[in-house]
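Visitor: Have a look at this one before I ask anything.
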DNA sequence: CAAAATAGTTTGAATTTCAAACTATTTTAG
DNA sequence: CTAAAATAGTTTGAAATTCAAACTATTTTG
């Protein structure tokens with residue numbers, strides 16, 4: 001297929017505008033879907049934190065605060081909330097007792113999987129009708145964005 | 001090109017995970033780039049608000065709070081901040097003097113354009129090496145996500 | 001083994017948010 | 001035509017979120 005430069009420019013604008021709107025909406029819908037389920041006490045931010053803690057990684061508080069770019073104090077507060085609500089557990093590392101390893105409770109793991117399923121659904125709907133080569137393109141686009149982000153942040 | 005079902009499944013996972021990370025990073029980098037420029041007093045949220053107010057729309061406070069899903073009180077507070085910092089103006093609507101129409105000052109318009117340029121750069125880097133038909137696919141993917149979001153929110 | 005470094009928590013202040021009450025204005029219904 | 005209802009936006013007070021700095025407990029280093 002061929003395209004004039006103007007048509008492509010128009011696509012760029014469309015994509016740029018759509019991206020801004022879509023992300024906002026996804027965050028909102030992700031939270032509201034979760035709140036319709038048995039996990040009514042969870043915010044989008046907490047979802048993100050639970051996703052970062054992950055199923056089997058036993059990450060430390062410092063690791064998580066570095067990844068999420070939250071101060072250690074803020075993360076402690078967030079973890080207290082999630083612990084109170086029964087989603088996460090703190091485990092003292094027996095090799096180095098300064099360190100807390102983080103894990104999900106069974107409730108936390110259920111939530112993780114529900115959220116993961118939602119993301120999958122979203123990606124599947126996004127790529128509906130795409131073949132293997134289309135999907136590879138999509139992947140490439142994301143790699144490009146990651147590269148762009150790296151370049152901008154390291155300059 | 002041909003792909004096995006397993007390869008495709010792997011791509012789905014990659015895309016799903018990448019999307020989660022990327023959004024977070026974009027927000028952060030967007031703010032940090034803006035803060036390196038003459039607009040040092042602006043947060044990512046304020047950037048989003050300025051984008052929503054837009055260059056020429058003269059939206060009302062209610063419209064903006066509906067779009068951004070912020071309470072009217074919260075929006076009033078945000079607008080006060082941006083007004084104090086010289087980015088926006090409130091204009092009393094002379095047809096209906098209850099209504100405030102919102103506009104950007106020249107400083108606000110400069111910021112809008114700088115942010116817009118950043119988004120364009122991002123999208124351009126994302127689509128580097130893509131031809132017209134690839135780009136159309138990309139557009140389709142976003143339309144698909146929008147449709148998914150609409151379906152989920154209306155069900 | 002004492003000093004420095006590290007992991008995580010606590011503290012106090014600043015910011016952001018919301019819902020509800022409030023003010024000003026316009027629309028509606030009798 | 002006017003009193004009541006509705007609407008647009010602001011104010012208020014409380015709750016939640018965040019951060020940096022001080023702090024506690026533990027481990028590493030010299």
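Any read-out appearing in this document is the output of simple, stated calculations on the displayed coordinates, not a laboratory observation. Keep in mind it's a predicted model, so treat the numbers as computed, not measured. Glycine gets a Cβ as well: all are built from the backbone with ideal geometry, and neighbour counts include every protein chain shown.
Visitor: Which residue in chain B puts its Cβ closest to the axis that rotates chain B onto chain A, and at what distance in whole Å?
Guide: Rotation axis B onto A, closest Cβ, rounded to whole Å: B:23, 3.
Visitor: Taking the Cα-to-Cβ direction at residue B:13 and at residue B:60 and moving 7 Å from each Cα, how far apart do the two end points lie in nm?
Guide: Distance between the two pseudo-spin positions: 5.1 nm.
Visitor: So what is the orientation-averaged projected area of the protein assembly as shown, using the convex hull of its C-alpha atoms, in nm²?
Guide: 20.1 nm²
Visitor: Among A:67, A:145, A:123, determine the one that fluctuates most according to a GNM of chain A built with springs between C-alpha atoms less than 10 Å apart.
Guide: Looking only at A:67, A:145, A:123, the biggest GNM fluctuation is shown by A:145.
Visitor: Suppose the chain between residue A:93 and residue A:76 were pulled fully straight at 0.36 nm per residue; how much longer would it get relative to their current alpha carbon spacing?
Guide: 4.5 nm
Visitor: Also: What residue among B:139, B:120, B:38 has the largest mean-square fluctuation in a Gaussian network model of chain B, using Cα springs under 10 Å?
Guide: Among B:139, B:120, B:38, the largest GNM mean-square fluctuation belongs to B:139.
Visitor: Can you tell which of B:133, B:71, B:37 shows the greatest fluctuation in a Gaussian network model of chain B with Cα springs below 10 Å?
Guide: Maximum among the listed residues: B:133.
Visitor: Distances longer than 22 Å among the Cα atoms of the range B:5-128: what percent of all pairs is that?
Guide: 45 percent
Visitor: How many angstrom lie between the C-alpha centres of the range B:22-89 and the range A:92-155?
Guide: The range B:22-89 and the range A:92-155 have Cα centres spaced 28 Å from each other.
Visitor: Turning to a different aspect of this structure: Could you state the angle between the C-alpha long axis of helix B:132-154 and the longest principal axis of the C-alpha atoms of chain B, as a value from 0 to 90 degrees rounded to the nearest 10?
Guide: Between the helix axis and the principal axis of chain B, the angle is about 70 degrees.
Visitor: If I take R0 = 30 Å and measure r between the Cβ atoms of residue B:133 and residue A:147 in this structure, what FRET efficiency does the formula 1/(1 + (r/R0)^6) give, to the nearest 0.05?
Guide: On the way: r = 23 Å, r/R0 = 0.76.
It comes out at approximately 0.85.
Visitor: While we're here: Does anyone have the angle between helix A:5-36 and the longest principal axis of chain A? Alpha-carbon axes, 0 to 90°, nearest 10?
Guide: 30 degrees
Visitor: Residues of the range A:128-155 with amide nitrogen under 20 Å from the 7 Å Cα-to-Cβ point of residue B:21?
Guide: From the range A:128-155, the list is A:135-155.
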